[in-house]
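Read-outs throughout are calculated quantities, based only on the coordinates presented, and are distinct from any laboratory measurement. As the structure is a prediction and not an experimental result, all values here were calculated from the model. All Cβ positions, glycine included, derive from the backbone under ideal geometry; neighbour counts span all protein chains shown.
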Amino acid sequence: MADKEYDDIPGTFVFDADRSREGYHLNQFCISLRLQVNRDAFNANENTYLDKYPMTKEQRDAVVNRDWNLM
């Protein structure tokens, strides 16, 4: 992702199109958990369930470690 003029504004977290694309697969995973059958599958085997979503290692680690702020 290219640096933007607003990337270094102290105390801000800009949500733009690039940030949106980064989180797409994480969001799809989270949305999938609305259904009980998917929650059951995730609880039965987290790694197998997460393999269905091509998240970054950082995103996947955040899910596994329940790091809500990083997610």
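When 29, 42 are arranged by Cβ crowding within 10 Å, least crowded first, meaning fewest neighbours, the order is 42, 29.
Here, the stretch 18-64 is characterised by an Rg to Rh ratio of 0.97, where Rg is the alpha-carbon radius of gyration and Rh the Kirkwood radius.
Note on the stretch 29-71: with charges restricted to the Cβ of Lys and Arg (+1) and Asp and Glu (-1), its dipole about the Cα centre is near 120 debye.
Per residue, the average separation of C-alpha pairs within less than 8 Å and at least 6 apart gives the chain a relative contact order of 23 percent.
Among 44-51, 6-13, the peptide with the highest mean count of other Cβ atoms within 10 Å heads the list, and the full ranking is 44-51, 6-13.
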